[in-house]
Amino acid sequence: MGSTTGILGMLLVACMMASTAYTKPVAPHSCSYNNTDILCHKSLQNSRNAVILLRDLMKSLLASYLSNNVQGMNEDICTSLGDRFLPHGVVESERLIQIQKVLAFIHASLREITREQREFNPNCKTFHSELEGVASQIASLASNVACMMCERHNTPVTVEVPQLNRPSGVFRQKQWSCSVLSKSALFFRPDLISEGPQQAPHLNWGL
């Protein structure tokens, strides 16, 4: 666990400026801006870099989660929620909107997992902070994807906070949480964000 926490900490320090807990996605309310604005500067580059980082961060969070929770718990039980991670749009604009919905789900889920861990493992404060830091990274990525929707399709995106439908019962809640972390790691694949609309791949999400 120590080495995993160390790797996660270094990744966070390398990629995050001082973050506040649960940074909410900030997106343009309209597309009447230019791509030199601070909100949307280098949104494609930032998005692609964030996806690569978040894949590693989610893997590290999952390892820490399994270590901190039920004895004998392993990734084999983290098998639910696959349908929440499947952007179905074939047209790139539709796919970006679906990606935004998945990001909103992951962001809200990380907030819930942090609340859960503060209740079940109150002494794991470093892990709580790591969950908060990754939630902030998700919010930043969502903001950049919203900027890409404006830049490529002149369409502002508004995504509501999703219903999580988290189950009752301690074990099932932990199974739900580890499933979120496991599926998130698979979701953040290098080709999630394409270089341009004409290059949007048809993704096989492997879920």
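To keep it simple, each residue is scored yes or no on (1) closer than 15 Å to Phe105 by Cα; (2) modelled with pLDDT of 90 or more; (3) crowded, with 17+ Cβ neighbours inside 10 Å.
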position: Val161; (1), (2), (3): yes, no, no
position: Val170; (1), (2), (3): no, no, no
position: Leu181; (1), (2), (3): yes, yes, yes
position: Phe188; (1), (2), (3): yes, yes, yes
position: Leu192; (1), (2), (3): no, no, yes
position: Gly196; (1), (2), (3): no, no, no
position: Ala200; (1), (2), (3): no, no, yes
position: Asn204; (1), (2), (3): no, no, no
position: Leu207; (1), (2), (3): no, no, no
Quiz item: Which members of region 141-164 meet the condition of being touching a Ser or Thr at 6+ places or on another chain (Cβ under 7 Å) and closer than 13 Å to Leu54 by Cβ?
Solution: Leu141, Asn144, Val145
Self-check item: Subset of region 115-135 (residues that are surrounded by fewer than 20 Cβ atoms within 10 Å (Cβ to Cβ) and under 23 Å from Ile99 (Cα atoms))
Solution: Glu132
Quiz item: Would it be correct to say that Ile97 is in contact with a Ser or Thr (Cβ under 8 Å, 6 or more places away or on another chain) and assigned to a helix (DSSP H, G or I)?
Solution: no
Quiz item: When Pro167 is evaluated against the numbered criteria (1) farther than 21 Å from Asn74 by Cβ; (2) in a loop (DSSP other than H, G, I, E, B), which criterion, by number, is the only one it fails?
Solution: (1)
Practice problem: All but one of (1) modelled with pLDDT of 90 or more; (2) not in a helix (DSSP H, G or I) hold for Asp56, so report the exception by its number. | Solution: (2)
Self-check item: Sole residue being over 22 Å from Cys31 (Cα atoms), in contact with a His (Cβ under 7 Å, 6 or more places away or on another chain) and of a type in the set (Lys, Arg), chosen from Arg118, Arg166, Arg111, Arg172
Solution: Arg118
Quiz item: Could you list, in sequence order, the residues of region 95-114 that are surrounded by fewer than 19 Cβ atoms within 10 Å (Cβ to Cβ) and of a type in the set (S, T, N, Q)?
Solution: Gln98
Self-check item: Filter result (part of a helix (DSSP H, G or I), farther than 30 Å from Lys42 by Cα and touching a residue at least 24 places away in the same chain (Cβ under 8 Å)) within region 115-158
Solution: Glu116, Gln117, Phe120, Thr126, Phe127
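The values are calculated or read from the model by the stated rules, or taken from the named source; none is laboratory data. Quantities reported herein were computed from a predicted structural model and do not represent experimental measurements. Cβ: placed from backbone, ideal geometry, glycine included. Neighbour counts: every protein chain shown.
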